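Asker: Please find one structure pasted underneath; my questions will follow.
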Amino acid sequence: MNHCSTTAPFSNRTISDSVMIALRKIIQAIDMNSKKLVKRVGLTGPQLVILQEIFNLGEVAVGEIADAVSLSQATVTGILERMEKRGLLIRERSNQDKRRIMVRITESGKQVLRDAPPLMQEAFVERFSSLQEWEQTMILSALQRLVSIMDAKAIQAAPFLATSPIDNPAAKTDDAMPSSE
């Protein structure tokens, strides 16, 4: 008879339920933050990250933006088209190389950035950085193991928080908009 199973503080079912609950809370926190961001400034997280990169880099090529935010050029192009229609940025062919499209932020785009709250990941990074290195490593290891358990290793992800796939050029109206439940 295995005594470990009767003396453990949690059964395997309870631990797995607790993990699933924790994951669901993380997803809901990201979803709520995304909805607040859209309501407050009318931009999704990926849109805001891209707008910040354009502001930081000045006039920049589309490919450089894609590299900076770890998204495909096709995805970035779709996001830029929507933001250009809103007057937040301007896209123009380069004078030096007509094959390149250069992007720059407008005054309206700068105003949106001034009005925007900090991104959720900024607060996360600040809090996470305050943890001791061993704890950061432990969290990373556990999350990487969860990725493996969930067969999610092949999923491409950018270093910002959104609740739905953002690398989908077919999504013409919603850039990583959380699905309503």
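Asker: So, in the stretch 126-181, exactly how many residues are surrounded by 10 or more Cβ atoms within 10 Å (Cβ to Cβ), at pLDDT 50 or above and under 30 Å from residue 77 (Cα atoms)?
Answerer: Final tally of qualifying residues: 9.
Asker: Follow-up question, since we're still on this one. Output yes when any residue across the stretch 142-161 is in contact with a Lys or Arg (Cβ under 7 Å, 6 or more places away or on another chain), within 28 Å of residue 65 (Cα to Cα) and part of a loop (DSSP other than H, G, I, E, B), and no when none is.
Answerer: no
Asker: Of all residues in the stretch 31-63, how many are of a type outside the set (Ser, Thr, Tyr) and buried (at least 16 other Cβ atoms within 10 Å of the Cβ)?
Answerer: 20
Asker: Restricting the first residue to the stretch 105-123 and requiring it to be free of Cβ contacts under 8 Å to residues at least 40 places away in the same chain and among the small types (Gly, Ala, Ser), which pairs with a second residue that is surrounded by fewer than 13 Cβ atoms within 10 Å (Cβ to Cβ) and outside any helix (DSSP H, G or I) meet a Cβ separation below 7 Å and a spacing of at least six or different chains?
Answerer: Partner pairs satisfying both residue conditions: 108/87.
Asker: Okay, next question. Would you check if there is a residue in the stretch 110-119 being among the hydrophobic types (A, V, I, L, M, F, W, C) and modelled with pLDDT under 85?
Answerer: Yes: one or more hits.
Asker: Of the residues that make up the stretch 31-47, is at least one farther than 16 Å from residue 116 by Cα and touching a Ser or Thr at 6+ places or on another chain (Cβ under 8 Å)?
Answerer: Looking for residues that are farther than 16 Å from residue 116 by Cα and touching a Ser or Thr at 6+ places or on another chain (Cβ under 8 Å), one finds at least one in the stretch 31-47, hence yes.
The values are calculated or read from the model by the stated rules, or taken from the named source; none is laboratory data. None of the values given here were measured: they were computed from a predicted structure. Please note: Cβ atoms are built from the backbone with ideal geometry, for glycine as well, and neighbour counts cover all protein chains shown.
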